[in-house]
Structures are given as C-alpha cells and as structure tokens.
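S.K.: Mind looking over this structure? Questions follow.
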Amino acid sequence: MKKLLVCLLVLLLAGSLFAAGSAETKTETKNITLEWWTWDPEMLEQNKQIIAKFEAENPGVTVNNTIVGTKEYWTKIRIQANQNKLPDVFTMSSGYIEEWAKAGLLYNLDTFIKNDDTFKIFYKSIFDTNKAISNTNSYYAIPFALVTTVLYYNKDAFDKAGLAYPTNDWTWEDFKNDAKKLTIDKNGDGKIDQWGFWFYGRYAHIEPWIYANNGKLIDKATMQFKPDANAMDAMKMLTNLVLVDKVAPPQKDMTSFQQQDVFPQGAAAMWVDGSWFVDTLRKNVGNDMRWGIVRVPSGPNGSNSLTYGWPDSYAIAPNTKNPEMAWKFARYVAGEGIGLDVYMAGKIPSCIKLAEDPMFADPNQQPGKDMNLLIDQAAGPMTTSYTMGWGEWRGYGGSESLGLNGTIDAIINSQMSFNEAFQKGTDSINAVLKRYYK
C-alpha cells in the first residue's frame with residue numbers, strides 16, 4: 001500500500017511538472033513578438049495580409065512590420081546592427097550576405113535546414129547560390145525570389161527583317177549575324193534608327209555574357225579581380241559590337257534615354273538585362289510591341305545551362321530571442337504562406353509550388369510560355385560576381401562611372417583603348433578589394 005502511494009505521488013508530481021511545462025510553453029507562445037523589416041513601401045497592404053494570416057495560424061504570435069524605403073534601408077539597418085537591435089527577420093541583399101555573415105550579423109541556418117524539409121519546399125539551387133555568395137560553407141539567408149538575366153528581343157523587328165526568332169541554343173555568332181541585319185537606317189539619313197543591340201557597362205548587361213562563356217572575374221584564392229581568358233574574350237566581344245561590328249551604340253550617345261526605355265521605344269531590337277524587366281515591359285509597353293525572352297547566347301567556351309542570377313532573401317538576427325519562430329516566419333514569407341500574386345512578374349519564387357503555378361507563365365500576358373525559361377534557370381546551375389565591396393568595384397548605382405562599369409564605358413565611348421582601360425580599371429578595382437580582403 002505504501003509503495004502504491006509513493007507511485008501515485010510520483011505520477012502526480014510528474015503530471016504537475018508536465019502541466020507546468022505546458023502552461024509555460026503556452027505563455028511563451030502568447031508572448032512572442034517578432035520584428036520584421038522590409039524595404040518595399042508598395043508591399044504595405046500585402047504585408048498586413050500576410051501577417052494577419054500568419055498570426056491567425058500561430059495564436060499568441062505578434063509580428064510587427066517596419067517598412068523602410070530602399071534608399072534609407074541599409075543606413076538604418078546598419079544602425080540597428082551597431083546597436084545590437086537587429087529585427088528578428090529582415091530583408092537581405094545578395095550584395096551584403098558575405099560581409100554580414102562574416103561580421104556575425106546573420107543567424108547560421110544550417111541546423112534548421114538539416115532538420116526539416118526545406119529542400120522539398122524550396123529550390124536547393126537558389127539556397128546554394130546564397131551559400132556561394134556568402135563565401136562560407138553555411139547558409140545565412142532564406143531566398144524568397146530569384147532574379148536571372150535574359151535576352152529580350154523585339155518580335156516585330158525580327159518579323160520585319162524576315163528573321164527567325166532567337167532560340168535558347170543561340171551562339172554568339174547567331175546573335176551577331178542577326179544584330180547586323182537588325183541595325184537599320186530607316187530613312188536613309190546616315191543615322192541608325194534601330195540598333196541590333198544595346199548595352200553599357202552595367203553588371204546585368206555584362207556578366208551574363210562572361211558566364212555564358214565560362215569566364216571568371218575574381219580569383220577566389222586571392223580574392224582579387226583577375227579576369228581569365230574567357231572573361232576577357234566576352235568583354236572584347238561586347239566592346240567590339242560598338243567599335244568594330246557597329247551593331248550597338250556608344251553609351252554616350254544614349255544618355256537621352258532612361259535605360260529601361262531604349263528597348264521598348266524601338267531604339268534597339270535586342271537587349272540583355274534582369275528578368276524583373278518583364279514586369280516593366282508589361283506595364284509600359286502592353287501589346288504595342290510583341291517581344292520575347294531567351295537565354296543569353298553561349299560563347300565558344302561556355303554552355304547554355306549556366307545562369308547569371310541572384311536571390312532576394314530574408315535573414316534572421318543572430319541574437320533573436322525566438323529563433324525557431326523566426327525561422328518559421330521567414331519560411332512563411334519566403335513562399336510557404338504566400339501566393340504568386342505577391343511577386344512582380346519576372347521574379348522567380350524560390351518556393352517550388354509557386355514557381356510551378358501555371359499562372360507564372362500566364363499565356364494571356366507577354367512573353368507567355370517563354371516564362372518557363374525562368375523556371376528552368378531557377379532549377380539549374382547559377383553563378384554571380386558578388387563579393388564584399390561589390391557595389392564599389394563593380395560600379396553600381398551612383399558609382400556607375402567607376403569600377404568595371406566605368407572601364408567598359410570608357411572603351412565603348414572611345415575614351416581609352418581596351419588594354420589601357422583594363423590596366424587602369426584592374427588597379428582601381430583591386431584597391432577596393434584589398435580593403436575588404438586583407
């Protein structure tokens with residue numbers, strides 16, 4: 001009898017402890033608040049709907065969304081980092097993943113990914129691109145969308161010239177042959193009215209051709225700018241389009257255009273840039289012009305399978321008090337809990353079910369079934385040129401006259417020879433990289 005009483009007491013005590021643990025867990029869940037920072041003010045209403053749905057599915061969790069304009073975002077988020085007040089979940093750019101990961105400002109996600117079904121839900125290739133960008137062996141960001149680069153072409157211009165449309169198997173020679181036939185002086189005044197192609201030193205204009213020729217810009221052993229022969233061949237081919245083949249204009253002659261207007265206004269029949277311009281063309285051109293997209297043509301040393309692309313991502317603060325819930329929410333807003341309507345056209349969801357939604361390649365909107373190319377690119381091998389200090393050495397945004405951008409522009413504007421420009425450009429680029437990689 002005494003033994004039975006002891007057993008009952010033990011069971012009662014255990015039950016009390018279990019109940020206390022359960023009550024404590026419920027209390028903790030009820031008190032969880034996540035701070036979520038994003039950079040697109042146009043997403044305000046959509047973010048409110050996403051949060052409401054998540055909170056309904058996770059009773060007791062509150063999510064506060066702070067939206068900071070793109071221009072101010074990095075200044076303000078760096079201040080938060082310096083004050084050890086990073087939000088639980090925040091938007092992270094591919095251009096900063098390595099810098100922030102190595103500074104200990106991003107949560108290492110390896111354990112989460114190892115222990116759940118991440119790669120059944122999301123494209124592993126896009127996660128792996130983030131890992132490569134971090135220049136580490138770990139995952140530090142959750143991609144929610146991928147941007148790739150494609151060749152845009154004007155179907156109306158091709159039809160008028162009696163040319164077959166480009167294909168995903170095009171080579172550089174195929175491209176150049178048609179670029180010549182599409183460079184036209186329409187009124188015989190000695191001035192080109194329609195160029196076959198258009199580009200300048202912009203990253204999304206140049207790197208796709210480099211990687212389509214299996215080129216490399218950065219020596220990973222030294223983290224210095226050291227373009228290999230394949231990369232130099234690609235840049236020589238591009239600059240010759242202006243200087244030798246005369247199928248593309250100098251950058252200085254196009255300053256009266258905004259760069260996104262050159263192609264839709266018919267000044268060039270072909271153009272390479274980011275896939276997000278699908279959205280811009282749909283809005284600005286409508287059906288006034290018929291257009292399509294294909295892979296960037298492959299060089300003699302490359303293939304048509306490697307894509308130049310980069311993810312838009314979310315990161316988790318390393319000192320978040322609720323890492324499991326932050327991870328759950330990050331996955332949710334990265335695709336698990338949202339719809340395709342959240343994405344601007346041309347941005348590829350990293351969540352497989354969204355990317356495979358039939359409406360991604362909406363047949364009623366240009367470029368129709370061509371959009372399936374973007375899905376193929378998302379699932380395949382990908383590369384980028386991101387490093388620490390990328391914005392400086394590449395010549396990005398307000399620094400377009402510097403770095404590699406300025407180097408290319410100096411050549412096509414006939415301000416320097418190819419060799420002179422690259423000698424000077426390499427020195428200035430490596431001066432930037434040496435500040436980051438000591």
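S.K.: Give me the one-decimal nm value for the distance between modelled label points at residue 164 and residue 222, 7 Å along each residue's Cα-to-Cβ direction.
M.R.: The two pseudo-label positions are separated by 4.5 nm.
S.K.: Cα-Cα over 23 Å: which of 124/434; 160/191; 220/424; 220/434; 160/236?
M.R.: 124/434; 160/236
S.K.: For segment 32-149, just run the numbers: alpha carbon Rg, then divide by 2.2 N^0.38 Å, N being how many residues it has.
M.R.: Taking the Cα Rg and dividing by 2.2 N^0.38 Å, one obtains 1.11.
S.K.: Can you pull the percent of segment 69-158's accessible area that's carbon plus sulfur, 1.4 Å probe, other chains left in place? Walk me through the numbers before you get to the answer.
M.R.: Numbers: 1680 of 3630 Å².
Answer for segment 69-158 is 46 percent, counting heavy atoms of protein chains only.
S.K.: Rounding to the nearest 10 and keeping the result within 0 to 90°, find how far the Cα-based axis of helix 70-82 lies from the longest principal axis of the chain.
M.R.: Here the helix axis deviates by roughly 40 degrees.
S.K.: Here is a follow-up. Report the calculated FRET efficiency for residue 71 and residue 33 (r = Cβ-Cβ distance, R0 = 30 Å), to the nearest 0.05.
M.R.: On the way: r = 28 Å, r/R0 = 0.93.
The formula returns an efficiency of 0.60 here.
S.K.: Same structure again: State log₁₀ I(q)/I(0) for segment 231-274 at q = 0.18, 0.28, 0.29, 0.32 Å⁻¹ as given by the Debye formula over alpha-carbon point scatterers of equal weight, solvent excluded.
M.R.: Reported log10 I(q)/I(0), two decimals: -0.60, -1.12, -1.14, -1.18.
S.K.: Along its principal axes, what span do the Cα atoms of segment 132-185 show, with the longest given first and each in whole Å?
M.R.: Cα extents, longest axis first: 52, 22, 22 Å.
S.K.: A further question on this structure: Working from the pairwise distances between different alpha carbons, so that the mean of 1/r is found and then inverted, what is the chain's Kirkwood radius in Å? Walk me through the numbers on the way to the answer.
M.R.: Details: mean 1/r = 0.0419 Å⁻¹.
One decimal place: 23.9 Å for the Kirkwood radius.
S.K.: Could you name the aspartates and glutamates in cross-link range of residue 53, using Cα to Cα under 13 Å and dropping any fewer than eight places away on the same chain?
M.R.: Within reach: 45, 336.
S.K.: Averaged per residue, what accessible surface does the chain expose to a 1.4 Å probe, in Å²? Numbers along the way, then the final one.
M.R.: Working: 20260 Å² over 438 residues.
Value returned for the chain: 46 Å² of accessible area per residue.
S.K.: Separate question: Return the loop-located trypsin sites (Lys or Arg not before Pro) in segment 192-227 (DSSP other than H, G, I, E, B) with at most 15 other Cβ atoms within 10 Å of their own Cβ; answer none if there are none.
M.R.: Values: sites: 202, 216, 220; in loops: 202, 216, 220.
Here the sparse-neighbourhood loop sites are 220.
S.K.: Summarise the long-distance tail of P(r) for segment 363-423 by giving the % of C-alpha pairs beyond 13 Å.
M.R.: Summing the P(r) tail past 13 Å for segment 363-423 gives 72 percent.
S.K.: Compute the projected area of the convex hull of the Cα atoms of segment 320-365, averaged over all viewing directions, and report it in nm² to one decimal place.
M.R.: Values: hull surface 14.3 nm².
Mean orientational projected area (segment 320-365, Cα hull): 3.6 nm².
S.K.: Here's a follow-up. Can you list the HN-Hα couplings for segment 381-395, worked out from phi with the Karplus curve (6.51, -1.76, 1.60; θ = phi - 60°), rounded to whole Hz and with x for Gly and Pro?
M.R.: x, 9, 8, 9, 10, 5, 9, 5, x, 4, x, 6, 6, 7, x
S.K.: What does the convex hull of the Cα atoms of segment 77-124 come to per residue, in Å³, rounded to a whole number?
M.R.: 103 Å³
S.K.: Is there a pair in 71/155; 76/120; 114/347 whose C-alpha atoms are over 30 Å apart, and which pairs would that be?
M.R.: Among 71/155; 76/120; 114/347, the Cα-Cα distance tops 30 Å for 71/155; 76/120.
S.K.: At 0.36 nm per residue, minus the direct Cα-Cα distance, what do residue 64 and residue 324 gain on full extension? Give it in nm, one decimal, please.
M.R.: So the extension gain works out to 91.9 nm.
S.K.: Mind checking the angle between helix 418-436 and the chain's longest principal axis? C-alpha axes, 0 to 90 degrees, to the nearest 10.
M.R.: 10 degrees
S.K.: Roughly how compact is segment 293-341, stated as its Cα Rg over 2.2 N^0.38 Å to two decimals?
M.R.: So segment 293-341 has a normalised radius of gyration of 1.85.
S.K.: How much length, in nm to one decimal, is gained on full extension between residue 265 and residue 46, taken as 0.36 nm per residue of separation minus their Cα-Cα distance?
M.R.: Gain in length upon complete extension: 75.6 nm.
S.K.: What FRET efficiency, computed as 1/(1 + (r/R0)^6) with R0 = 22 Å and r the Cβ-Cβ distance, is obtained for residue 173 and residue 419, rounded to the nearest 0.05?
M.R.: Step by step, r from the Cβ atoms, then E = 0.35.
S.K.: Could I have the simple spin-label model distance between residue 246 and residue 57, label points 7 Å from Cα toward Cβ, reported in nm to one decimal?
M.R.: Taking the simple label geometry, residue 246 and residue 57 are separated by 6.0 nm.
S.K.: Using 10 Å bins from zero, what percent of all Cα-Cα pairs in segment 274-399 falls into each bin?
M.R.: Per 10 Å bin, starting at zero, the Cα-Cα P(r) for segment 274-399 comes out as 10, 32, 35, 20, 4, 0 percent.
S.K.: Here's a follow-up. For residue 356 paired with residue 435, estimate the spin-label separation in nm (one decimal), with each label point 7 Å from Cα along the Cα-to-Cβ line.
M.R.: Here the modelled spin labels are 4.6 nm apart.
S.K.: So, R0 is 41 Å and r is the distance between the beta-carbons of residue 401 and residue 110; what FRET efficiency does that work out to, to 0.05?
M.R.: 0.50
S.K.: With Rg and the Kirkwood Rh both taken from Cα atoms, where does Rg over Rh land for segment 105-201? Can you show the working numbers first?
M.R.: Working: Rg = 22.1 Å, Rh = 17.6 Å.
Rounded to two decimals, Rg over Rh is 1.25.
The values are calculated or read from the model by the stated rules, or taken from the named source; none is laboratory data. Because the structure is a prediction, the values reported are computed rather than measured. Note that we place each Cβ from the backbone using ideal geometry, even for glycine, and neighbour counts take in every protein chain shown. The protein model used for the area step is the full one, side chains on, heavy atoms only, and it has no ligands, DNA or RNA in it. Shrake-Rupley method; radii C 1.70, N 1.55, O 1.52, S 1.80 Å.
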